[in-house]
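All remarks here apply to the structure that follows.
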Amino acid sequence: LGLWYRVEAVVSTQSTGSSKLGYLNTFILYHYINSQHTHNNNNHITIEKMNLDFLDDDGSQKTKTELLGELASFSSPQFILPPGNPGTFLKDAFASPTAPPPIEFAHGTTTLAFVYQKGVVVTVDSRSTQGNYIASGTVKKVIEINPYLLGTMAGGAADCSFWERELGRRCRLYELRNKERISVAAASKLLCNMVYAYKGYGLSMGTMVTGWDKTGPNLFYVDNDGTRLKGQRFSVGSGSTYAYGVLDQGFRWDMTVEEACELGRRSVYHATHRDAYSGGVINVYHVEADGWRKISADDCNELHYRYYVNPDAS
């Protein structure tokens, strides 16, 4: 299942001496391959060219167009897909009156990134929730794609983790083929194209791809519908509205590295304080010309009591 069967046939009309005989040889060859699935050493059916000019419409069982149409079906991948629409499968499965209570996939997080004069600051929390249940408090929501690229996770943890790791693999292949690092714009476009192919299949992703390339610092937002936006400031997740309020109020283009990291940390802290679905450890990364580096990892409760509620105690 899922093998790519490619059919190519070589039939010479001059050697047959008769259009009927040539058609018969082709017909037998095609149906033998179609029924027996004879493989070569590479598990592929390899027949290169097929000359069907001898076929006509004088009452033959199959016309040239019909036979070419059947053979063309071997030229594209054939994959077994699940029944129905995967995006609405759970909704349809639990629609019956006798079905058990539905599974609620409620997501919650706060991720934030912004570009300023000296680079990019990426700040995230670490809480993973399943509805009202806190599944984990130590989720790593910054995915280190390569030494110059970072990605963030918001939405479904499995979807974000899988596709951004796949993005890392493709970025590495790009480097090996082209002998240079991939740009942030090209990396975000790769991720956008990959998830767009699965639009409507139930993916849940709201990611940011950021890094430093030949054009300087760059920041892109990519979601599961294939939306791709370039911007200076983004925040994604259930706590993003709270984070935006602090970020917009305190942002300056000419901040120092310390001021920028503190702004990102404070923005996510206020989101964790007001949003029940965000919390845990606040991780801060800084992206600069030499690559990214992790600045800090602070428990949001310690931040709250140490210098946000009682700043004089610090």
So Gly200 clears everything in (1) surrounded by 13 or more Cβ atoms within 10 Å (Cβ to Cβ); (2) touching a residue at least 40 places away in the same chain (Cβ under 8 Å) except one condition, right? Which one? (1)
Among the strands (runs of 3 or more DSSP E) lying completely within region 229-314, list those that include at least 3 residues that are crowded, with 22+ Cβ neighbours inside 10 Å and within 31 Å of the chain's Cα centre (by Cα). 233-236, 281-288
What are the pairs, 6+ residues apart or on separate chains, where a residue within region 154-173 that is among the acidic types (Asp, Glu) has its Cβ under 8 Å from a residue that is open to solvent by 40 Å² or more (accessible area, probe 1.4 Å) and part of a helix (DSSP H, G or I)? none
Can you tell me which of Ser60, Ser96 is at pLDDT below 80, part of a loop (DSSP other than H, G, I, E, B), small (Gly, Ala, Ser) and surrounded by 14 or more Cβ atoms within 10 Å (Cβ to Cβ)? Ser60
Filtering region 142-166 down to residues that are among the charged types (D, E, K, R) and open to solvent by less than 10 Å² (accessible area, probe 1.4 Å) yields Glu164
So which strands (runs of 3 or more DSSP E) stay within region 119-175 end to end and still have 3 or more residues that are within 21 Å of Cys300 (Cα to Cα) and at pLDDT 90 or above? 119-124
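The values are calculated or read from the model by the stated rules, or taken from the named source; none is laboratory data. These figures come from a predicted structure and were not determined experimentally. Using ideal geometry, Cβ is built from the backbone for each residue, glycine included, and neighbour counts are taken over all protein chains shown. Remember, those area values only see protein heavy atoms, side chains included, never the ligands or the DNA or RNA. Shrake-Rupley method; radii C 1.70, N 1.55, O 1.52, S 1.80 Å.
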